[in-house]
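*Asks:* There's a structure below that I have some questions on.
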Amino acid sequence: MTPLAVFEAVIDVSAVAPRIEAMLPTGVRARQLEVRTLLAGMCLAQADHRPAHLTRVHQALISLPGDDRRRLGVIADWKHGPHLLTYRQTERTFGLVARALGKDEPGGQPSQALQAVCDDLLEASIPAGFKDASRSLAVDWTDMESFSRPPPAKGGDCADPEASWGHRRRDSPGPEDELFYGYYLSAGIMMPDENGPAVPEFARRATVSSCRHDPVRAFVPVLTAMPAAGTPLGDVLGDSGYAHRDADAWALPLRAAGAQLVQDLHPHDRGPKGTHDGAIIANGNLYCPKTPRPLLELGPLARTATKEQAAGHDARTAELARYKLGRLTRDDDDGYHRVQCPAVMGKIRCPLRPSSMTLDRGRPEILTPPGHPQACCTQQTITVPPEVSAKTAQKHDYPSRAHRRSYARRTGAERGFATAKDPATNDISRGWCRLMGLTPLMLFATTLLVARNQRILGAWNARQDDNARRAAAGLPPKTRKRRRKTLASLAEPP
């Protein structure tokens, strides 16, 4: 279990406790339970694998050693002697905090004050030595079911009207999707930069939103606010659920904030999607009008592909890259840039570009050039407006080997939620938190991620110490055991 001193340091570095205290009303008699102590108790409850119940927070605080209870005000001197903190006092302070950080009219999304408090707590849970170790984030969302029963089918209110109906994927046999009543938890997990050293997979940002809101749109303001808070954005790794959103909802705001997108394209967004000045728009790039159709329709490599199949797929994507129009300039202030014909750049041979015909025959050759060539074939360069491939453009050509290797880091988001939803630690299924409303749920979810970050840090430090001992003994670092056979092959009949 993470010691109390670690959580106190996180709370102090975040500086959220005095900020919240200034928002609370002052009564005739001073409160025995301060916000700093309440947050520490919430973190202790989550670190001890307890559900997010206020009774568990109260138990965590009154179970502390005597000196800590005195120092944190869990035991206070009253007129008639020492007084031990009661559950009603815990409930009272938490209620004041939830009302101060919530909205006057709840709408299913956190207030700016609540989001700022949760951002600062998560950022403070990352040690200073790792803050600049990576700028890459793997993003995803998962379900958080409310403890409230849904509204009656005939109409009427329920205990948690801020929640809403959503759908989630099932891992057990049966229908692939199922409905649930509650919220979406979105998180950004720190991943190593390309060709960079390994880093602990800390949860760096998170938010909670009602299922009536799109979780992608709800998470974008949290990510785009990071540069202003001193945390520049690098690679943002997302699955097709993010890439399929309108460009204004996901891609454009992230690029404007300095992020480079590495994402899987939705099947509806793959392949040729129109033309621009004669060039074919496909997978976020512009290609020569005479690019072979099978190359433009290449999909991602199957997960069960053999080494030979992977080598063949990589050879075809490398050939496709020869037909791509090359970028010459960066985006200007309005998002425009210029590209050039691949034959002019010496990547292919084309009769419309006589100088390219002197290149060696190892390059692809256009045997039947367009009869009525358009601007991409007649001009030296063409201008590409921001709306061309705004939704699908990304850091690496899709679905090349470089993209596949970079996108493989996105599994860190799955591991992040797996550690947060592990029944052996904190199972956030229905009943984990019995408080109603977004604000209490988001506060407890944040303290859960803070406790999870400390577990990740402890495991990282233990692994580094073990590697150091093995290196001193002349042994190689310990590697993970990988499955040699797929589950599908094991299930095949003999």
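The values are calculated or read from the model by the stated rules, or taken from the named source; none is laboratory data. Computed from a prediction, not measured in an experiment: that's the story for all the values here. Virtual Cβ from ideal backbone geometry, glycine too; neighbours counted across all protein chains shown. Ligands, DNA and RNA are excluded from the accessible area calculation, which covers all protein heavy atoms including side chains. Shrake-Rupley method; radii C 1.70, N 1.55, O 1.52, S 1.80 Å.
*Asks:* With θ set to phi - 60°, apply the Karplus curve 6.51 cos²θ - 1.76 cosθ + 1.60 along region 368-380 and write out the HN-Hα couplings as whole Hz, x wherever there is a Gly or Pro.
*Replies:* 10, x, x, x, 10, x, 9, 4, 5, 9, 10, 8, 5
*Asks:* Mind listing the phi-derived Karplus ³J(HN,Hα) values for region 302-313, rounded to whole Hz, using 6.51, -1.76 and 1.60 with θ = phi - 60°, and x for any glycine or proline?
*Replies:* 5, 5, 9, 5, 7, 4, 5, 5, 5, 5, x, 5
*Asks:* Compute the projected area of the convex hull of the Cα atoms of the chain, averaged over all viewing directions, and report it in nm² to one decimal place.
*Replies:* Numbers: hull surface 130.5 nm².
Mean projected area of the Cα convex hull: 32.6 nm².
*Asks:* Given a 1.4 Å probe and every protein chain left where it sits, what share in percent of the accessible area of region 346-455 is carbon and sulfur? Working shown, then result.
*Replies:* Values: 2630 of 4810 Å².
Roughly 55 percent, rounded to a whole number.
*Asks:* In region 169-230, what percent of the accessible surface is made up of carbon and sulfur (1.4 Å probe, ligands and nucleic acids excluded)?
*Replies:* Carbon and sulfur: 51 percent of the exposed surface of region 169-230.
*Asks:* Return the percentage of antiparallel bridges among DSSP beta bridges fully within the chain, rounded to the nearest 5 %.
*Replies:* Details: 40 of 48 bridges.
Bridges in the chain that DSSP calls antiparallel: roughly 85 percent.
*Asks:* Whenever you get a sec, line up W250, W78 from highest to lowest accessible area (probe 1.4 Å, protein heavy atoms).
*Replies:* Values: W250 5, W78 100 Å².
Result, largest first: W78, W250.
*Asks:* Can you list residues from other chains, or at least 5 along the same chain, whose modelled amide H is less than 5 Å from the amide H of S146?
*Replies:* Y181, G182, Y183
*Asks:* Read phi for every residue in region 290-298 and hand back ³J(HN,Hα) as whole Hz from Karplus 6.51 cos²θ - 1.76 cosθ + 1.60, θ = phi - 60°, with x for Gly and Pro.
*Replies:* Couplings: 9, 5, x, 4, x, 6, 5, 9, 4 Hz.
*Asks:* Run down the lysines and flag those whose C-alpha is under 19 Å from the C-alpha of K478, throwing out any fewer than 8 positions away in its chain.
*Replies:* Cα-Cα hits under 19 Å: none found.
*Asks:* Heavy-atom accessible area of H53 with all protein chains present, probe 1.4 Å, nearest 10 Å²?
*Replies:* Spelled out: H53, probe radius 1.4 Å, area about 30 Å².
*Asks:* Sticking with this one: So, in Å, what gap is there between the alpha-carbon centers of region 452-473 and region 6-20?
*Replies:* About 26 Å separates the Cα centre of region 452-473 from the one of region 6-20.
*Asks:* May I pose another question? When the helix-only estimate is applied to the chain (DSSP H runs of n ≥ 4, each -39,500 (n - 2.57), divided by the residue count), what is the mean residue ellipticity at 222 nm, nearest 500 deg cm²/dmol?
*Replies:* On the way: 18 runs with 179 residues, N = 494.
Calculated mean residue ellipticity at 222 nm is -10500 deg cm²/dmol.
*Asks:* Past the 28 Å Cα-Cα mark, which pairs from K131/K324; K154/K421; K273/K347; K391/K421? Provide the component values of the computation, followed by the final result.
*Replies:* On the way: K131/K324 37 Å; K154/K421 34 Å; K273/K347 23 Å; K391/K421 32 Å.
Violating the 28 Å Cα-Cα cut-off are K131/K324; K154/K421; K391/K421.
*Asks:* In terms of Cα to Cα distance under 22 Å, which lysines are near enough to K307, apart from those fewer than 8 places away along the same chain?
*Replies:* Reachable lysines: K481, K485.
*Asks:* Continuing with the same structure: Kindly sort T275, T2 by accessible area of their heavy atoms, largest first, with the probe set to 1.4 Å. Could you put the intermediate results ahead of the total?
*Replies:* On the way: T275 95, T2 20 Å².
Ranked from most to least accessible, the order is T275, T2.
*Asks:* On average, how much accessible surface per residue is there in the chain, in Å², for a 1.4 Å probe, leaving out ligands, DNA and RNA?
*Replies:* Details: 25170 Å² over 494 residues.
Value for the chain: 51 Å² per residue.
*Asks:* May I ask you to order 430-438, 19-27, 282-290 by the average number of other C-beta atoms within 10 Å around their residues, highest value first? Numbers along the way, then the final one.
*Replies:* Details: 430-438: 18.9, 19-27: 12.4, 282-290: 23.2.
Taking the mean over residues of other Cβ atoms within 10 Å, the ranking is 282-290, 430-438, 19-27.
*Asks:* Just to confirm the number: angle between the C-alpha axis of helix 87-101 and the first principal axis of the chain, 0 to 90 degrees, nearest 10?
*Replies:* 40
*Asks:* Taking the chain as the reference, fit the longest principal axis to its C-alpha atoms, fit the long axis of helix 4-14 to the helix C-alpha atoms, and give the angle between the two in degrees, 0 to 90, nearest 10.
*Replies:* For 4-14 against the chain, the angle is about 60 degrees.
*Asks:* When only the heavy atoms of the protein chains count and the probe is 1.4 Å, how do R363, R316, R204 rank by accessible area, highest first?
*Replies:* Working: R363 65, R316 105, R204 10 Å².
Output order, biggest surface exposure first: R316, R363, R204.
*Asks:* Which whole number in µm²/s is D for region 1-97 by Stokes-Einstein, with the Kirkwood Rh taken over Cα pairs at 20 °C and 1.002 mPa s?
*Replies:* 156
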